[in-house]
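Trainee: Sending over a structure as structure tokens; questions will come in a sec.
The values are calculated or read from the model by the stated rules, or taken from the named source; none is laboratory data. This structure is a prediction, so every number in the text was calculated from the model and none was measured. Here the Cβ positions follow ideal geometry from the backbone for every residue, glycine too, while neighbour counts run over all protein chains shown. The accessibility values were calculated without ligands, DNA or RNA, using every heavy atom of the protein model including side chains. Shrake-Rupley method; radii C 1.70, N 1.55, O 1.52, S 1.80 Å.
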Amino acid sequence: MGSTKGPVFLVALTSALVLGVALAGVSSHAAAGCVDAIGIEAPLSGPVADIGREQLAFAKLAVQNDNAANGTDISLVEGDTQLDVTQAATVTQQIISNPRIVGVVGPAASPEVKAVGPLFGRAGLAFITGSATNTALTTSGKYPTFFRMVARDNLEGFQDAHYVINRLKPKAVMIIDDEEVYSTRLVSAMIPAFKRAGIAVDHESVSQRQTNFARLVRKVMPPIGVVLLPWQVAANAEQFGRQLARAHRKAVLFGTDGIQSSAFTIPGSYVSAFGPDIRAIPADRQIAAAAARKFPNFGTFGPPVYAATHVVDDAIASVCRSGETPSRGNVLTAIKATKEATSIFGLPVRFDAHGDLIAAKWFLFKIDRAGKYRMVTTPKR
């Protein structure tokens, strides 16, 4: 979630995970007597409460599974940020003042991370987001206790462009930004890739308030084969697609995570997202079923939070197994040393010196004739 926006758009190694076998393979009850708390910051109320409730459901599932696997007694302390930076700062102060909390999951959005990062840094308290994607969060060096389980925005633009180049193979593309920072950052990563590949680029801009796209639709003529929409308002993308169809234009739409939503359902379109559909990954069948019982119709916001929570859980358990009492300092050190062979994404989990997930990637979906999102590729393990 590169900015404050609405809903958009890990892997169980075996079915035993649901019964409590941790992804890292630690033996059951290896950290018996380990009693600690994790804070979770999420928008549990307000305009995007569905995101927060999904994230909370997956965090609870991770704690449940990891406690059973490790013999720990870790609890969650909930903090409702309402996807508001002022509220996030207030919640963070409350979390910092609670000495039981030795690690935090969240917050959800990049502006919230900017607001709370200095606070957590001064407190020496590790926090891991499952959805904040702004590239500068890890390149600025301002947030020394920050980690994330999702790829950066600049990787999304780069990877999306290369999929279009290598798979869709258009002679020319149109890229339309929505004049917001989230959008223009993605465009700045896409355009150089297309130009290096010898693909002509028509770069256009529209306001998020605009809903009549007739001028742009008229410009979608051969050889333009793909129109990229790094937008945040899914309903606008839907409107653009419908206007394109009425004008009998044949270009493929390619959206970014800001429009992964039930409001955007143009068949044949592609949308990238920071998390996979774990229901499409065979190894995740058991955990996906358990998650569906807690939060039916979950999307891509919950699984990264499961992975983030698991990292904190395992860090706490590793400290306990070493014979030490978990503290904010040694849990932070343990998180930095995380080295898991796989995850709910089907990807390994290790962090670089900036807190980014090494080998992070964006996932791709194609919308079928019924308007359903189908994952294009499944991570291999």
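Trainee: Would a scan of region 359-379 turn up a residue that is surrounded by 15 or more Cβ atoms within 10 Å (Cβ to Cβ), assigned to a loop (DSSP other than H, G, I, E, B) and touching a Gly at 6+ places or on another chain (Cβ under 6 Å)?
Mentor: First pass over region 359-379, keeping only residues surrounded by 15 or more Cβ atoms within 10 Å (Cβ to Cβ): 360-367, 373, 375-376, 378-379.
Subsequent filtering for residues that are assigned to a loop (DSSP other than H, G, I, E, B) retains 360-362, 376, 378-379.
Adding the requirement that they be touching a Gly at 6+ places or on another chain (Cβ under 6 Å) leaves 379.
Yes, because at least one residue in region 359-379 is surrounded by 15 or more Cβ atoms within 10 Å (Cβ to Cβ), assigned to a loop (DSSP other than H, G, I, E, B) and touching a Gly at 6+ places or on another chain (Cβ under 6 Å).
Trainee: Is it the case that some residue within region 115-132 is open to solvent by 20 Å² or more (accessible area, probe 1.4 Å), modelled with pLDDT under 95 and either hydrophobic (A, V, I, L, M, F, W, C) or assigned to a helix (DSSP H, G or I) (or both)?
Mentor: no
Trainee: Which one of these does THR86 not meet: (1) of a type in the set (S, T, N, Q); (2) at pLDDT below 95; (3) surrounded by fewer than 24 Cβ atoms within 10 Å (Cβ to Cβ)?
Mentor: It fails just one condition, (2).
Trainee: If we keep just the residues of region 314-341 that are part of a helix (DSSP H, G or I) and in contact with a strand residue (DSSP E or B) (Cβ under 6 Å, 6 or more places away or on another chain), which is nearest to GLY355 (Cα to Cα)? Full working, then the answer.
Mentor: Looking only at region 314-341, we keep the residues that are part of a helix (DSSP H, G or I), and these are 314-321, 328-336.
Filter once more, keeping what is in contact with a strand residue (DSSP E or B) (Cβ under 6 Å, 6 or more places away or on another chain): 316, 328, 331.
On the way: ILE316: 18, ARG328: 16, VAL331: 14 Å.
Within region 314-341, the match that is nearest to GLY355 (Cα to Cα) is VAL331.
Trainee: For region 191-224, name all the residues that are open to solvent by less than 30 Å² (accessible area, probe 1.4 Å), under 20 Å from PHE264 (Cα atoms) and out of contact with any Asp or Glu (no Cβ under 7 Å at 6 or more places or on another chain).
Mentor: Correct list: PHE213, VAL217, VAL220.
Trainee: Would you say ALA235 is in contact with an Asp or Glu (Cβ under 9 Å, 6 or more places away or on another chain) and among the small types (Gly, Ala, Ser)?
Mentor: no
Trainee: Can you name the residue in region 236-279 that is open to solvent by less than 10 Å² (accessible area, probe 1.4 Å) and of a type in the set (A, V, I, L, M) and, of all such residues, is farthest from LEU364 (Cα to Cα)?
Mentor: LEU244
Trainee: Would you tally the residues in region 134-185 being in a loop (DSSP other than H, G, I, E, B) and surrounded by 15 or more Cβ atoms within 10 Å (Cβ to Cβ)? Walk me through how you get there before you give the answer.
Mentor: Of the residues in region 134-185, the ones in a loop (DSSP other than H, G, I, E, B) are 134-135, 140-145, 149-152, 169-171, 178-180.
Then keep just the ones that are surrounded by 15 or more Cβ atoms within 10 Å (Cβ to Cβ); that gives 134-135, 143-145, 149-152, 170, 178, 180.
Summing the residues that are in a loop (DSSP other than H, G, I, E, B) and surrounded by 15 or more Cβ atoms within 10 Å (Cβ to Cβ) in region 134-185 gives 12.
Trainee: Taking the stated definitions as given, is HIS203 at pLDDT 95 or above and assigned to a helix (DSSP H, G or I)? Walk me through how you get there before you give the answer.
Mentor: Numbers: at pLDDT 95 or above: yes; assigned to a helix (DSSP H, G or I): no.
No; evaluated as a whole, the condition is false for this residue.
Trainee: Okay, moving on. Consider GLN286 carefully, then state whether it is within 16 Å of the chain's Cα centre (by Cα), open to solvent by 10 Å² or more (accessible area, probe 1.4 Å) and under 30 Å from SER343 (Cα atoms). Steps first, please.
Mentor: Working: within 16 Å of the chain's Cα centre (by Cα): no; open to solvent by 10 Å² or more (accessible area, probe 1.4 Å): yes; under 30 Å from SER343 (Cα atoms): yes.
No; evaluated as a whole, the condition is false for this residue.
Trainee: Residue under question is ALA337, and the condition is that it be among the small types (Gly, Ala, Ser) and either under 22 Å from ARG100 (Cβ atoms) or touching a Pro at 6+ places or on another chain (Cβ under 8 Å) (or both); does it hold? Outline the logic, then answer.
Mentor: On the way: among the small types (Gly, Ala, Ser): yes; either under 22 Å from ARG100 (Cβ atoms) or touching a Pro at 6+ places or on another chain (Cβ under 8 Å) (or both): no.
No.
Trainee: Among residues belonging to region 225-235 that are open to solvent by 20 Å² or more (accessible area, probe 1.4 Å) and under 27 Å from ASN134 (Cβ atoms), point out the one that is farthest from the chain's Cα centre (by Cα).
Mentor: ALA235
Trainee: Using the structure shown, decide if SER188 is open to solvent by less than 10 Å² (accessible area, probe 1.4 Å), assigned to a helix (DSSP H, G or I) and modelled with pLDDT under 95.
Mentor: Details: open to solvent by less than 10 Å² (accessible area, probe 1.4 Å): no; assigned to a helix (DSSP H, G or I): yes; modelled with pLDDT under 95: yes.
No.
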